[in-house]
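I have placed the structure first, in the form of structure tokens, so that the comments after it can refer back to it.
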Amino acid sequence: MFITFEGGEGTGKTTLIQSIKELLSSKYDVVTTREPGGSKIAEAIRDIILNPKYLGVTPYTEALLLAASRAQHLDEVIIPALSNHKIVLCDRYLDSSLAYQGYARNLGFDFVLAINDYATKHMPDLTFYIDLDPEVGIKRISHRDKYDRLDQETKDFHLNVRKGYQEIAKLYPNRIITIDGSQTLDAIIREMIHIIENKL
Ligand code: TYD
């Protein structure tokens, strides 16, 4: 089973994925991974995408680099794990490209789907979209001493990312479950585990 976790900045995805892994690991073989990155080559591409020293990366280049890192990550990590009947929990996937590059960067969903043709053949069985006011999310991560190139985007950009996700959730209602990100992490974990166990 391939499960992805989506949402804006500061939605707690990393903590949620760790807790869900621990809860499922007693019964199942679980692999956790993330995008952009997840394998050596994909992490090297991640550095070009996110490192603030590459401020000049243009929207098209950004979208293409993300698609390249996803292709590598699929071949090296996701597809082998699924073939070995593992549960894959992935922090971000194609929906991030649809929301950030397709919607917020205005490249359009069709373009993002076209350059991610390989990923569209390996879609998640289940996606949790954690919906949260970006102002709350950004405040939650404000204590971090490291900001990446996308964290540094404007408030309007992050508001558009949220609008993008809400559109995508409407387009794929059978796959994407919207979770209210203003709940406590414990409540979110309970809700997610309930949904996953029902699907397994
Ligand atoms: P990360 O530090 O993993 O952020 P977070 O903790 O918020 O998940 O950085 C990933 C950043 O890359 C995040 O700002 C979203 C962005 N991103 C895209 O713009 N498009 C994509 O396809 C992916 C996978 C990530």
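The values are calculated or read from the model by the stated rules, or taken from the named source; none is laboratory data. Quick caveat, the model's predicted, so the values are computed rather than measured. Virtual Cβ from ideal backbone geometry, glycine too; neighbours counted across all protein chains shown. For accessibility, only protein heavy atoms count, side chains too; no ligands or nucleic acids. Shrake-Rupley method; radii C 1.70, N 1.55, O 1.52, S 1.80 Å.
The table below gives the values:
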item: Cα→Cβ-extended label distance, 7 Å offset, between Glu197 and Gln18, nm; result: 2.3 nm
item: Whole-angstrom gap from the stretch 97-133 to the stretch 180-197, using each part's C-alpha centre; result: 23 Å
item: Other-chain or far-sequence residues with amide H under 5 Å of Ile130's (modelled H); result: Glu6, Gly7, Ile179
item: Environment charge of Arg149, counting only residues whose C-beta is closer than 10 Å and scoring Lys/Arg +1, Asp/Glu -1; result: -3
item: Net charge dipole size for the chain [Lys, Arg +1 and Asp, Glu -1 on Cβ; Debye, nearest 20]; result: 140 debye
item: Ellipticity estimate at 222 nm from DSSP helix runs (n ≥ 4, -39,500 (n - 2.57)) divided over the chain, nearest 500; result: -14000 deg cm²/dmol
item: Net +/- balance of residues flanking Tyr54 in space, Cβ distance below 9 Å, scoring K and R +1, D and E -1; result: +1
item: Surface accessible to a 1.4 Å probe, per residue, for the residues of the chain, Å²; result: 49 Å²
item: Net charge contributed by nearby residues that have their C-beta within less than 14 Å of Thr120 (K/R +1, D/E -1); result: 0
item: Which of Thr15, Asn198, Leu150, positive extreme of dipole for the stretch 2-199 (C-beta unit charges); result: Thr15
item: Tyr28 accessible area, 1.4 Å probe, all protein chains in place, Å² to nearest 10; result: 70 Å²
item: Viscosity 0.890 mPa s, 25 °C: Kirkwood-radius Stokes-Einstein D of the stretch 2-199 over Cα pairs, µm²/s; result: 144 µm²/s
item: Kyte-Doolittle at least 0.0, axis length at least 20 Å by Cα - qualifying DSSP helices, the chain; result: 185-199
item: Candidate residues Leu185, Leu55, Leu98: accessible-area rank, largest first, probe 1.4 Å; result: Leu55, Leu185, Leu98
item: Arg140 accessible area, assembled protein chains, probe 1.4 Å, Å²; result: 100 Å²
item: Point-to-point label distance, Lys163-Arg190, nm (Cα→Cβ direction, 7 Å offset); result: 3.5 nm
